[in-house]
1. Set Lys and Arg Cβ to +1 and Asp and Glu Cβ to -1, take the dipole of region A:92-238 about its Cα centre, and tell me which of A:GLY117, A:GLY143, A:LEU154 lies farthest positive.
2. Taking the solvent-accessible surface of protein heavy atoms with a 1.4 Å probe, what is the per residue accessible area of region C:3-301 in Å²?
3. Which residue fluctuates the most in chain C, going by a Gaussian network model with Cα springs under 10 Å, if the choices are C:VAL275, C:VAL292, C:VAL209?
4. I'd like to know which of A:LEU4, A:HIS93, A:LEU47 lies farthest towards the positive end of the charge dipole of region A:1-113, counting +1 on Cβ of Lys and Arg and -1 on Cβ of Asp and Glu.
5. State whether region D:148-194 is rounded, prolate or oblate according to the following rule on the C-alpha gyration tensor (a ≥ b ≥ c being the square roots of its eigenvalues): a/c under 1.5 gives rounded; otherwise a/b larger than b/c gives prolate, and the remaining case gives oblate.
6. When only alpha-carbon atoms count, how far does the protein assembly as shown stretch along each of its three principal axes, as whole angstroms with the largest first?
7. Given the whole protein assembly as supplied and a 1.4 Å probe, what does the accessible area of B:LEU311 come to in Å², nearest 10?
8. Between C:GLN136 and A:ALA134, take the C-beta separation as r, use R0 = 56 Å, and let me know the FRET efficiency to the nearest 0.05.
Amino acid sequence: MTTLLKLEKVASAYGQSKVLWDVDMDIIQGSAIALIGRNGVGKSTLLKTIVGVQKLTGGKITFRDQDVSAASAHGRARAGIGFVPQGRHVFPHLTVMENLTVGLAALTGRKGLTQSGIADHIFDLFPKLTQIRARKAGLLSGGEQQQLALGRALAGQPSLLLLDEPTEGIQPSVVKQIEHALRRIRTELGVTIVIVEQYLDFAWSFAEHYYVMQRGQIVRNGNTKDETAAEIAHLVNI
Amino acid sequence: MKKFDPKLISGIIIIILGALAPWIISQYELSLLGRFLALSILAMGIMLTWGEAGILSLGQGVFFGLGGYALAMHLKLEGLNVANGDMPDFMVWSGVSALPKFWYPFQSGIFSIACVVLVPGLFAAGFSWLMFRRRVGGVYFALITQALALAFSTLLISQQSLTGGFNGLTDYSTLFGYDITTSEAARVIYWVTFVIVVIAFFFLKWLLGSRYGVMLRATRDGENRVRFLGHNPVPYKVVAFGIAGALAGIGGALFTLHSGVVSPALVGVVPSIEMVVWVAVGGRNILWGAIAGTLLVNFAKDQISSAFPSLWLYGLGALFILAVSFLPMGIAGLFRPGSGEERVMRRIISRRPLKTAE
Amino acid sequence: MGESAFLVGQIFNGFSVASLFVLAALGLALSFGLMRVINMAHGEMLMLGGYLAYMTLQVVPGPLGIIVAMPVAFLGAALIGALLEWSVIHRLSARPLDTLLATWGVSLVLQQAARNLFGAIGVEVTAPSWLNHVVQLHTGPLEGLTLPDTRLFILVVAGIVLAGIALILNKTRLGLYVRAVNQDRSTAAAMGVNARLIDLMVFSLGTGVAGLAGVILALLGPVTPTVGQSYIVPAFLVVILGGLGSLVGTTIASLIVGLFTALIEIFVDVSVAQVLLLVFVIVFIQFRPQGVITVRTRALEG
Amino acid sequence: MAIPAPILMMENVTVDFDGFKALTNVNLEISPGALRILIGPNGAGKSTLCDTIIGRVRPTSGRITFKDQVITALPEQEIVRRGICRKFQTPGVLPTLTVIENLLIAGRKDRSWWKTFTHKAPKDELSIAEDLLEKIGLADRRDFMAADLAHGEKQWLEIGMVVATDADLLLLDEPTAGMGPTDTQRTAQLILSLLGKHAIVVIDHDMSFVEALNGYVTVLHQGQILKEGTVAEIRADPEVTAVYLGRSDDDDTAEA
C-alpha cells in the first residue's frame, strides 16, 4: 500500500478570505475516494488546490513522494495529476479532437510515453466521441461535454484523476455510461480516483474511502463500508 | 478632533510655507515651483480619474493644451488693435490676411478665462461620454486618448497660421493691462497658482468625501455591479473626466502664464503620458500624493535634464517601470496605514537597517 | 493620369499601408487576446527591426542583404520581446493599465538607447535594385497607374506572414495550445499546457513580426529612434477596431484603417486625416463597441 | 381563489449562444409577493434565466414582461429601477467600499447622479441601511472594507444589498453557498420574512433549504422547464428524481 498523494495542513484563500484550513489527506495508490459536503464548503477549491490552479497558501502536497507544493499546474499535470473540473470546462471553440489533443500536453517530458495520438482506450470508453470528433465542444450537450472532459483528462495518462461532480446535470442514461466508464478506468487503467459527488449512492458504491468537508475543513473520514450513505448524508446535511 | 493631529499640523505648516515661499526661495526656484504647482492641478485631475475611477487617460495634454491655448490666445491679442487689422506676429509672418473668426472672442479676458475652464471640461466630458456610454474602458480608453493626444498635437503643428505651429504661442507681456514680466508679477502669479492649488485640493477632498465619491469608487470596483443595483455608472465617470479636463485646462493656463509659452511640445503623446507618471510616483489614490509626485518628478527632471539630457530619458523610463512595478500606490502609499502596499513596503523596509520616513 | 487610375493607385496604396498596419498590429492583437495587456514598446520593435536591417546591410551589402535582414530582424526583435515579456510584462500580468505604463517606460529607454547608439537623425537603408522598379500601366482604362515594387513587396510579405501565422495557429500543436489558453487559461494549465511559456512565445512571435515590419519601414524611409511611434498609434486603433485577439478581425481592421487613411488623404492633408481617422474610430465604436469580430459565447458557469 | 396578475412573465424565451441553446422556449410566471424556487442541475440554465431577466443576457427570441411592461430590451440599470434586483452566485460586493457604503449605494431611492453631491445619505435611507446591517448580522462590521469580510459575510452583505434596493422582485442565485446549517436556516427565515412585500426567486441546490422555504418549485433541465409544483410534488415526481434528486441505481432508463 503506497501513498500516491499526501496533503499536510493544506490551506488556501481567495484574496483575503480563507477557504481551506489545515486539510490532511492520505490517498493510497489504486484507491477511490469520495469527497463530500455541501455546496460551497471548499470541495472544488480543494481539488483545484491539488491541481495547482488555485493557490496553495499553506501546508504541503506530496505526489508520488515528491513535494509538488511549489510546482505549477502544468507541472503537476505532467507529473500525472488529471483533472475534470466542475462544469466540464471544455474549450468551447475547439473541436472534440482538438480538446482531446490539448490533453496530450500532460505527456510533455514524460519518459516512455507516446505523444503521437489519442489512445484507443479513450474512444473505447466513450464511443460517442468518435462520432462527434469534428464538432465544436461548445455545441455539445452536457453529457457529451462531460465525456469529452473525461477523455481529455485521460489523454494525459494520469495516475491520479480528480473529478469534480462528473454526473451533475447529466441525463440519467449518460450518467450510467459515465459510471461505467469510471469503473473501467479504475479496473482497466489502474487510475487512482478522487471524486467530488453529490450523487451519494454512486459515490458510495464506487469509493472505498470518504472524506467529509465542512467550512473548508475535513470534519470526518472513514470507510464507505462502515457507514451508509444515508447516515453520512444526514450528518453533513447534504 | 484630536489636539495634535499630525495631519492637521503638517497641513497647516505646508500651507504657511507655500504662502511664504516667495520670501524663502530664490526667484528662479519660485518660478519653477509656480510652474510645477500649476502642473499639480492637472495631476490632481489624473488622481481623480485614474486613482478613484480607474480610468487611465493618456491624453490629458490635450485638455492642458486647450486651457493653455485659450489663455495664450487672449495674451496674444492683448494690446493689439484688432479692429484696426492688427494680428499676432506669427500670423503676419505666415501671411494671414485677416484674423481668423474664432480668434475674435478671445479679445475678452472673461471669455478667455471661461474658455480655459469650460472648453477642456466640456470637451473631456463629451468625449468621455461617447466612450463610456459604449462601455469602452480600461486599455481601450487609454489607447484612444493617446490617439487623441497625437491627433491634437499634429493638428496644432500643421495649422501653423492659426495656432503658431510648432513654436506655439509665445512672446506676450501683459495680462489685464498689467506687466507680467516683472518679479512682482511673478510673485502674484505664484500666489494665484498656490491659492488655486489649495482650492482645487479642498474641492476634490470634499468631492471625494461626498456620496458622489463613493459612487465613483463603486464604479471602479464593479461597474456592472453598480448597474445591477440600478445606477447608471456613466454620468459619474463622465463628471470625473470632465472635472479632470477642466483642472487640466486651468493648470495649462497657469503654466502658460508662468512659462510664457504654450506649444505642441507640451501637449502631445509624450508629455501626456509623462503626466501620468507624476501621479504614479506620488500615489494615484491619494490627493497630496499627486501634488508631491508632480513636484518631485519635475524638480528631478529640471536638475537632471539640464545637466544630462539623455540621462533624464533613461531615468524617466526607469521611473515608469519601477514606480508601476514596485510602488503601485506611489510614495504616498507608503504613508497610508493599513494599505496592502504599505504592509508590503513595511516588510521590505524593515529588512533594511535604514531609518525611513514615518 | 486618369482619375480612376489615381483612385486605384490610392486604393493600392491603402492596401500597402494596411499591410504595414497588419504587421505592426498583429503582435499587439495576439498578446492582447491572450494576456489582455498592451505593449507600448511595440513601436520600438519596429524601430529595432529597422536598425537591425541597417546593420545587416552593413555586413551583407548587395541585393540579397534585405533577404538576410528579415530573419535577423525577426529573431532580434523576438529575442528582445521575450526578454521584455519575461522581465516586465509577466510581473504585471493582472494589471493591464500598469503594464501599459511600464512598457511605455521601456519604450522611452529603447528610444534613447537608439539615439545614443545611432544618433537622432536616423540612418538610411537603400532598397536593393530589384526593388527599385515600378509596375506601370501605359494603356487601358488605368493608364498611368504606377505601382512601386517596394509597395508590392510589402503586400507579399504581409500575405506570407499572415498565412504563416494562420497556419501556426490552426495547424500546429503550439497553435492549438495557444487557442486553448486563450479560451480557458486555468483549464489549459491543468491539462499540462505551460501557459506561461505560451504567453512568452506568442509575445515574442508578435514582436518578431514587428521587427520584420521594421525592415520594410526601412525600405520606405529613414530609420529614426522614433520611427515606431508614427506607426504605433494607428496600430493601436487597429487593435481597438479588430476585437479581441482575432486574426481575421485584425486583418479587416488594418484594411479599414489603411484604406481610410489612404483615401481620405486625397481630400485633406495628413494631420487632418489623422483627426478624421480618430473621429471615424469613435463613430465606429458607437455602433460596434466590441470591434469588427465578435463571438457570442456561452458564459461558462461555476 | 383569485390569482393576482403575474408581476413577471416570460413568454417563449430562448437564449442561443452560437448554436448552444441555453434556454429553450421558457414560459414562467411569478405572482407579486410570491416565492419561486428554481432547481436543476448545473448547466440547466438557472443562472442564464436570471441573467436574461435582468438584461445581462439578451434572449434570442421571446419576451419578458414585468408589471405589464416589456423589459426585454431595456438597459440593465433601467430594469433594476423598474424593480428587479439580483444577487449573483459569486459575491458581488464592492470591495474597496465599507459595508455601510455598500448598503447605502444599494438602498438609494433617488438614483439620479446629480443628487450625490452631499456628504450624508438621506436619514430614512441611512436608518434602513442600519436596520439591514442588524438583520444581516454585520453591525459590528459596519465600517470594514467589504474586501476584508469573510466569504460568508460577503454573501450576507450581498443579500442585504439586494434587499436594500427594495425591488419588487428579488432574484437570489445560491444565497446559501458557503454557509453552514445555522446560517442557511437564518437565510431561509430572512427570505420568508420578505415575502408578500417582495416576490422572490431563489436558485439553490440544497434540498433542506428548499424544504425550509417550502415554496412553489420550478425544475429546469437542459434549458427547459421540466416540471413545476410544490416541494412535495417535485419530490414525488419520478422524472425529476431521475435527473436531479437522489438518483438511485435501480431504475432503468431509456437510452437517450
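1. A:GLY117
2. 38
3. Sorting by GNM fluctuation, first place goes to C:VAL275.
4. A:HIS93
5. Note, shape of region D:148-194 comes out oblate.
6. Here the Cα extents, ordered largest to smallest, are 102, 79, 68 Å.
7. About 90 Å², ignoring ligands and nucleic acids.
8. 0.70
The values are calculated or read from the model by the stated rules, or taken from the named source; none is laboratory data. Small disclaimer: the values here were computed from a predicted structure and weren't measured. Don't worry about glycine lacking a Cβ; one is built from the backbone with ideal geometry, like all the others, and counts go over all protein chains shown. These accessible areas exclude ligands, DNA and RNA; they are computed on the full protein's heavy atoms, side chains included. Shrake-Rupley method; radii C 1.70, N 1.55, O 1.52, S 1.80 Å.
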